[in-house]
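Data block below; observations after.
The values are calculated or read from the model by the stated rules, or taken from the named source; none is laboratory data. If you're wondering where the values come from, they're calculated on a predicted model, not measured in any experiment. Backbone-built Cβ (ideal geometry, glycine too); neighbour counts: all protein chains shown.
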Amino acid sequence: MISLLSILSARCQTLSLNDFGIRPDTYENVTPVIQKIIEETVRSKQTKLVFAKGRYDFWPDGAIRAPYFVSNTSTEEEDSSKVKTIGMLFKNAKNLTIEGNGSLFVFHGKMTTIVLDHCENVKLQNIKVDFERPTMSEMRYVSGTGKGVNLEIHPDAKYNINDGKLVFYGEGWKTTHFHAVAYDTTLKTMRYADWKVFNSSKATEIRRNLVHFDTPESFQPVYGNILTVRDIIRDQVGMFILESKNITLEDVGMHYMHGLGIVSQYTENITMRRVSCAPRPETKRVISSSADFMHFSGCRGKVSIENSRFEGAHDDPVNVHGTNLRIVGKPASNRLKLRFMHGQSYGFNAFFPGDTVAFVHAASMLRFAPGIVRSVERLSDREVTVTFKSDVPADLEPDDCVENMSWTPEVLIRGNYFTRTNTRGILLTTPRKAIIENNTFFRTGMSAVLIEADAEGWYESGPVRDVTIRNNEFIDCAYQGGPGNAVIAIHPSNRVADVKKPVHFNIRIENNTFKVFDYPVLYVKSTQGIRFENNSVVRTNTLPAKSDNKKMFYFNGCSEVQISGTKLIGDVLGKNIKMENMPKTNVKVTGGDLIIE
């Protein structure tokens, strides 16, 4: 390989891997040499790194291994080291474009594909990412009798049968914590499945990739459907963007991601444009991530997700949130000891000097006072001491939390397609302006859009103040869960829904089309200012109506609710509005032939 020094002395601004003797389609491990090129590219302040079109293979051998605390990934017991095996690490890169020219990056084993650590003005474009052996496995029900079932295992899913038990394995790993979701190939739905029936049934290989299980006669699967299986431990992630600024992914395909997807953590200004989180068609897989596709934790500036596709996740395609830390001590009048509470989120920098915070009553989820951070002292992976510029409020209550308001983003989610997930489409909690428009949500298992505010479960902050959901198409969503099985759900974690103490404010749902097979459309709790205007509700019949919630609209502890211009098309179910903990006068209805109970 030509020396880096000779190349860098002869060129500037743009580097091509061809110049270093790196050729695609060799199937050789390029990890260590490309990492050296990346480091020199960053050090010499090049502005473009170019890959010739083709396939590049990345193996763990020679990869950088470094510890990173990543939000929403793993507990101390699940993954105590936090060490990530990184295919390409960009650290302190600035003003750099990585041009893939349509190349396919194939990863092996368990790896975090790309890390952007403290980068600024970095763009990844025209890149496809996949794994030779995904850490998830797929198998199709093909036949069966009263004596058991036969499953055709996808060729990518390597396996053995040991003592009558099926064991999935890969390049340097095997599955030990099974979690299964079944994909209905006819209805295009995904539902949780119970792996225990297979774990307790003897497995016998009929031929390679065809396995018989001695399942009980009572077990009656739908033949043709696909069982997707993963290990629950999130020890790596698809891509990690940490404490960076002005990051863009454009024309990028993330065709498989292990553990969690693209995680952006305390990063300012992120643009995702034409990003395909879906299997490559030629692989004939149905799953492309073992958890969320895009996860934004404690980001700020603007998060934009446009014209992208989300297909085949075991969890939420998009999740935007902050992190509430619980107050566990008060060493001084202006100091608090804070603790990360959820098992899978801890250890990262949650506060910085100069940040504005909100003190939050956990019971009501109300932000009741502000504060400004003077300094932060790390006590352990779980606890920090934060010193504020002024005394903290005197009326703090047990279990109250602190939320970082400086690290909250404006959000635009536009022109995307969401499908093939057993959970939600979008989870969103930010106090800044958020727009969800011109998207299609096709049969998300739970609510297509869920807005929470949480200081007791995941501790994902916080109350919203300005959300617009418009010009979207929702098709047969929430068939297996979500608050009230509603297509759109607003569900903060406050313990008492008090109409005088709203959590969320100003949510507008306008000009959308709801194609529904069941009763529920909208579920709202503890919100002031809901406008449901000029939406169409259309009855579909592909999925059976079976929800216990036979209400089209449900409001609990809400005020200033306006429903107008609703068009009911077909034999729409329900047509009713249910209210609790609020006077009926808090809801104003104009048109739509709706009934207030």
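Determine whether residue 485 is outside the structural domain of residue 552 (by TED's automatic domain parsing) and either within 18 Å of residue 315 (Cα to Cα) or buried (at least 24 other Cβ atoms within 10 Å of the Cβ) (or both). No.
So in the range 81-97, with the set limited to residues that are of a type in the set (Lys, Arg) and assigned to a strand (DSSP E or B), which one is farthest from residue 263 (Cα to Cα)? Within the range 81-97, the match that is farthest from residue 263 (Cα to Cα) is 94.
Of all residues in the range 259-279, none are of a type in the set (Ser, Thr, Tyr), closer than 24 Å to residue 140 by Cα and at pLDDT 95 or above. Annotation: of all residues in the range 264-294 being farther than 17 Å from residue 424 by Cβ and of a type in the set (D, E, K, R), the one that is surrounded by the most Cβ atoms within 10 Å (Cβ to Cβ) is 285. Looking only at residues in the range 169-197 that are part of a loop (DSSP other than H, G, I, E, B) and within 25 Å of the chain's Cα centre (by Cα), which one is surrounded by the most Cβ atoms within 10 Å (Cβ to Cβ)? Ranking the qualifying residues of the range 169-197, first place goes to 175.
Of the strands (runs of 3 or more DSSP E) lying entirely inside the range 313-364, those containing at least 2 residues that are surrounded by fewer than 23 Cβ atoms within 10 Å (Cβ to Cβ) are 325-332, 335-339, 356-361. Of the residues 519, 523, the single one that is within 30 Å of residue 193 (Cα to Cα), of a type outside the set (A, V, I, L, M, F, W, C) and not in a loop (DSSP other than H, G, I, E, B) is 523. For the range 424-472, the set of residues classified as assigned to a loop (DSSP other than H, G, I, E, B) and of a type in the set (Asp, Glu) consists of 452, 454, 456, 460, 466, listed by residue number.
Take the conditions (1) at pLDDT 95 or above; (2) touching a strand residue (DSSP E or B) at 6+ places or on another chain (Cβ under 7 Å); residue 284 misses just one of them, which is (2). Pairs only if they're at least six apart or on different chains, beta carbon under 7 angstrom, first in the range 404-428 and farther than 25 Å from residue 368 by Cβ, second part of a loop (DSSP other than H, G, I, E, B) and among the hydroxyl-bearing types (Ser, Thr, Tyr); list them, first residue then second. Listed by first residue and then by second, the contacts come to 416/308; 418/444; 421/444; 424/444; 424/447; 425/444. Looking at the range 562-574, which of its residues are surrounded by fewer than 23 Cβ atoms within 10 Å (Cβ to Cβ) and assigned to a strand (DSSP E or B)? Hits for the range 562-574 are 562, 564, 567, 568, 569. Looking for something among the acidic types (Asp, Glu), within 30 Å of residue 274 (Cβ to Cβ) and not assigned by TED's automatic domain parsing to the domain that holds residue 511 - is there at least one such residue anywhere in the range 366-387? So far as the range 366-387 goes, no, none of its residues is among the acidic types (Asp, Glu), within 30 Å of residue 274 (Cβ to Cβ) and not assigned by TED's automatic domain parsing to the domain that holds residue 511. Here the condition is being among the aliphatic types (A, V, I, L, M), within 24 Å of residue 308 (Cα to Cα), over 22 Å from the mean Cα position of the chain (by Cα) and modelled with pLDDT of 95 or more; of 151, 104, 124, 166, it holds for 104 alone.
Are any residues in the range 142-155 in contact with an Asp or Glu (Cβ under 8 Å, 6 or more places away or on another chain) and either under 17 Å from residue 167 (Cβ atoms) or in a strand (DSSP E or B) (or both), and if so, which ones? Matches in the range 142-155: 142, 148, 153, 154.
Listed conditions (1) farther than 21 Å from residue 401 by Cβ; (2) modelled with pLDDT of 95 or more; (3) in a loop (DSSP other than H, G, I, E, B); (4) not charged (D, E, K, R) are all met by residue 507, apart from (3).
Checking each residue in the range 362-381 for being in contact (Cβ under 8 Å) with a residue 40 or more places away in the chain and more than 25 Å from the chain's Cα centre (by Cα) picks out 363, 364, 366, 367, 374, 379. Residues in the range 37-79 that are of a type in the set (Ser, Thr, Tyr) and either in the same structural domain as residue 345 (by TED's automatic domain parsing) or in a helix (DSSP H, G or I) (or both): 41 alone. Hey, any hits in the range 202-219 for a residue that's small (Gly, Ala, Ser), touching a residue at least 40 places away in the same chain (Cβ under 8 Å) and assigned by TED's automatic domain parsing to the domain that holds residue 122? No, the range 202-219 contains no residue that is small (Gly, Ala, Ser), touching a residue at least 40 places away in the same chain (Cβ under 8 Å) and assigned by TED's automatic domain parsing to the domain that holds residue 122. Can you confirm whether the range 135-142 contains a residue that is of a type in the set (Val, Ile, Thr) and touching a residue at least 12 places away in the same chain (Cβ under 8 Å)? So far as the range 135-142 goes, yes, one or more of its residues are of a type in the set (Val, Ile, Thr) and touching a residue at least 12 places away in the same chain (Cβ under 8 Å). Taking the range 578-587 as the search range and keeping residues that are within 35 Å of the chain's Cα centre (by Cα) and among the charged types (D, E, K, R), which one is surrounded by the fewest Cβ atoms within 10 Å (Cβ to Cβ)? Here the residue is 580.
Does the range 472-487 contain at least one residue that is farther than 25 Å from residue 572 by Cβ, out of contact with any Pro (no Cβ under 8 Å at 6 or more places or on another chain) and among the β-branched types (Val, Ile, Thr)? No: zero hits. Any residue at all in the range 217-225 that is assigned to a strand (DSSP E or B), hydroxyl-bearing (Ser, Thr, Tyr) and at pLDDT 95 or above? Checked against the condition, which is being assigned to a strand (DSSP E or B), hydroxyl-bearing (Ser, Thr, Tyr) and at pLDDT 95 or above, the range 217-225 yields no hits at all.
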